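Any read-out appearing in this document is the output of simple, stated calculations on the displayed coordinates, not a laboratory observation. If you're wondering where the values come from, they're calculated on a predicted model, not measured in any experiment. Note that each Cβ is placed from the backbone with ideal geometry, even for glycine, and that neighbours are counted across all protein chains shown.
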Amino acid sequence: GREIRLASRPVGEPELANFELADIDIPTIGDEQVLVRNTWMSVDPYMRGRMNDVESYLPPFQLDAPLEGGAVGEVVASRSDAVPAGATVSHFLGWRDFAVVDAADATVLDTTIAPAEAYLGALGLTGLTAYAAVTEVTPVRSGDVVFVSAAAGAVGSIAGQLARTFGASRVIGSAGGPAKTTKLVEQFGFDAAIDYRAGSIEKQLAELAPDGIDLYVDNVGGDHLEAAIGAMRAGGRIAMVGSISGYNATGPVPGPRDFFRAQFKSLTLRGMIVTDYLHLLPEYVAMAAPWLVDGSLRTETTVYTGLDQAPAALLGVLNGSNVGKMLVRLGD
Ligand code: NDP
């Protein structure tokens, strides 16, 4: 088997040289463990943070050790009754062909309702993040005007659709470039789209939501957060889901100027970590799986093929090469 290791820590934007593909012997398993042949792995912006040697909500990746992250695969050997050989499972030891997973950390997937890789995207933590944001963190209210950033991405494309499902009257998304903004409207059901590269976010928001916005799902931070605070109506709410504009920063990232507007507009800004909402995953999957099947929830994936392409996929998700969920398909 092979695994991708962290060869060096990036300064600023990561480079392919920060990663190393290593050949290893296929590991053996102990009691209550399973050997999983990974078939798909998730590629997520938060992984950039784990490449830094800093204290955060997840420990940093270690130098010369394999990276980690969400993956699905087939159990090829098992020493656990709960997770038999042949099962398809999800777990958190991606970035390698074969993973030794404690049975307690493997979730057996029902691949009759959706393909395995859907559990890394719309039916996994990606979808749950969007669901938690608009139903629990800052619940959407009937008639809300909603703004979503990184809206053509994995979380954003689902958050926009769920916001409408749960009562928004108008949903505006922002993304980089005309191909993505067209998709927002034609494919993901947004009412209007902002190309943040084409001009001022603030001006475009003022045109598309002249009476302001009520709810902002923030995946970007920085310039987007500043513009959203400016456009918020009194009592507006902001779900602080991510801040990707700052993930490659080498120093303090710029925050919103005129932040005091949050005070006199009586705004609520609330952060979240999806793992605090895992208890909602079963109800969310039960609700969303039929929507995927009947097409009422539209999703897209961007797939890189081969473990050796995983570093390029991580660089890609950070610079916007993806529409929808970024995945790596591992050899079969
Ligand atoms: P996406 O699929 O949205 O991919 C990231 C996207 O961010 C890119 O496609 C790119 O799209 C956009 N982007 C990159 N740099 C910038 C920038 N400087 N300004 C504006 N947009 C930028 O990834 P995910 O859906 O997985 O994640 C979206 C956000 O949600 C991230 O911030 C992530 O960290 C966060 N997140 C948080 C979780 C939590 O528990 N709080 C859980 C999961 C995700 P474009 O071409 O439009 O620029």
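A cut-off of 5 Å between modelled amide H atoms, ignoring neighbours fewer than 5 places along the same chain, links Leu269 with Ile238. Distance from the C-alpha centroid of region 279-322 to that of region 129-171: 17 Å, rounded to the whole angstrom. Please list log₁₀ I(q)/I(0) at q = 0.08, 0.12 Å⁻¹ for the chain, using the Debye equation with identical point scatterers on the alpha-carbon positions. One equal scatterer on each Cα of the chain leads to -0.38, -0.83.
In this structure, the amide hydrogen of Phe98, modeled 1.01 Å from its nitrogen in the peptide plane, lies closer than 5 angstrom to those of Arg2, Asn38, counting only residues at least 5 positions away or on a different chain. Compared with the alpha-carbon gap, the fully stretched path from Glu20 to Ser142 is longer by 39.0 nm at 0.36 nm per residue.
Residue exposure proxy: Val303, Val293, Val36, Val220, ordered by other Cβ atoms within 10 angstrom of their Cβ from fewest to most, comes out as Val293, Val303, Val220, Val36.
I'd like to verify something in the chain: which complete DSSP H helices, judged by Cα projection on the helix axis, reach 27 Å or more and average at least 0.0 on the Kyte-Doolittle scale?
none
Karplus-derived 3J(HN,Hα) values for region 10-26, using 6.51 cos²θ - 1.76 cosθ + 1.60 with θ = phi - 60°, are x, 10, x, 5, x, 10, 4, 5, 6, 10, 9, 8, 10, 8, 9, 6, 5 Hz; glycine and proline are entered as x.
Would you mind calculating the relative contact order of region 127-275 from Cα pairs under 8 angstrom and at least 6 residues apart, reporting the percent as a whole number?
In percent, rounded to a whole number, it is 22.
Neighbour counts of other C-beta atoms within 10 Å: give me Glu68, Glu32, Glu55, Glu74 arranged from fewest to most.
Values: Glu68 20, Glu32 14, Glu55 8, Glu74 17.
Arranged by neighbour count, lowest to highest, Glu68, Glu32, Glu55, Glu74 become Glu55, Glu32, Glu74, Glu68.
Would you mind ranking Met41, Met232 by Cβ crowding within 10 Å, fewest neighbours first? Least crowded to most crowded, the residues run Met232, Met41. Which percent, to the nearest 5, of DSSP beta bridges fully inside the chain are antiparallel? For the chain, the DSSP antiparallel bridge percentage is about 50. Karplus-based coupling profile of region 257-263, in residue order and whole Hz: 6, 6, 4, 4, 4, 4, 6, with θ = phi - 60° in 6.51 cos²θ - 1.76 cosθ + 1.60 and x standing for Gly or Pro. Here the 3J(HN,Hα) profile of region 66-82, calculated from phi with Karplus coefficients 6.51, -1.76 and 1.60 at θ = phi - 60°, is x, 6, 10, x, x, 8, 10, x, 9, 6, 9, 8, 9, 10, 9, 5, 6 Hz, Gly and Pro shown as x.
Amide H contacts for Ile194 (H built 1.01 Å from N in the peptide plane; partners 5 or more residues away or on another chain; cut-off under 5 Å): Gly173, Ser174, Ala175. Here the contact order of region 222-332, divided by its residue count and restricted to Cα pairs under 8 Å and six or more residues apart, works out to 23 percent.
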